[in-house]
Amino acid sequence: MTSALKKLTEAEYLRTEESSPFKREYVDGFVYPLHAQAGTKGKHGVIVSNLVALLHHPARRKGCQIYASDLRVRLHGGLRYYYPDVLVTCENVPDDALYAEAPCLLVEVLSESTRATDLGDKVRAYQELPSLQGYLLIDTEHRAVRLHRREAGGDWSEHYWEGQGEVELPCVGVQLSLDDLYEGTRVPPLP
């Protein structure tokens, strides 16, 4: 027997999220548990750890903070909350904050179960954040990354690297080597 999904208000979501045994994203009144997203593998965690280590010092020098998978981003006036794999913000986020509203860089490490959402709905939603300078998507099946970058006039451009190379990340101003990003994994180059 299946029960119909119950719509929650933003306040109900935030209140129940604090006591939830697992993380849940909120989209237009509906809650989606993250524990149900199968397909995340060990290489996902290695890539996230590598990225956080590579961003740590440059972000701190700019007065920014890095959050790995634990801080939500609030979108569309509270109609959506997502947990990006990595969030960089230069806003003052209190220690007890439930979410950030002004990230300058968001990163998703793609998995089989999140690929479509990360490459579709989240691109459009994240690009509406006035503070966002870049959205980086990191593939886990092949050594490939995609960067959506806000240009000086406000328009977005998309850049793609595969195999080798360096990605210049906005916000923290760091050159990110694909070799360093994928270090410790067996993620192959594209066939």
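All of the numbers you see were taken from the coordinates with simple rules; none came from a lab. Because the structure is predicted, anything quoted here is derived from the model rather than measured. Please note: Cβ atoms are built from the backbone with ideal geometry, for glycine as well, and neighbour counts cover all protein chains shown.
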Fill in the blank from the handout: Calculating percent of Cα pairs over 26 Å apart from this structure picks out, from (1) 31; (2) 26; (3) 45, entry (1)
Problem - Ranking of PHE22, PHE30 by count of other Cβ atoms within 10 Å, fewest first - result: PHE22, PHE30
Problem - the chain, helix-only ellipticity at 222 nm - DSSP H runs n ≥ 4, -39,500 (n - 2.57), divided by all residues, nearest 500 - result: -6500 deg cm²/dmol
Exercise for the section: Go through ALA144, ALA125, VAL31 and say which Cα lies farthest out towards the positive end of the charge dipole of the chain; charges sit on Cβ, +1 for Lys and Arg, -1 for Asp and Glu. Expected result: VAL31
Practice task
Could you work out how far helix 42-61 tilts from the main Cα principal axis of the chain, as a 0 to 90 degree angle to the nearest 10?
Solution key: 80
Exercise for the section: Take the alpha carbon atoms of region 124-140, find their center, do the same for region 15-92, and report the distance between the two centers in whole angstrom. Expected result: 12
Fill in the blank from the handout: From fewest to most C-beta neighbours within 10 Å, the residues LYS43, LYS7 line up as LYS7, LYS43
Exercise for the section: Compare the peptides 156-168, 175-187 by average per-residue count of other Cβ atoms within 10 angstrom and give them in order, highest first. Expected result: 175-187, 156-168
Practice task
May I ask you to sort ARG24, ARG115 by Cβ crowding, counting other Cβ atoms within 10 Å and putting the fewest first?
Solution key: ARG115, ARG24
Practice task
Straight distance only, please: which aspartates and glutamates reach the Cα of LYS7 with their own Cα at less than 15 Å, same-chain residues fewer than 8 apart left out?
Solution key: GLU17, GLU25, ASP28
Fill in the blank from the handout: For ARG186, the net charge from surrounding residues (Cβ-Cβ under 14 Å; K, R +1; D, E -1) works out to -1
Problem - With Cα atoms, 0 to 90° folded angle of helix 10-19 axis to the chain main axis - result: 80
Completion exercise
If every Lys and Arg gets +1 and every Asp and Glu gets -1 at its Cβ, then about the Cα centre the chain yields a dipole, in debye to the nearest 20, of 240
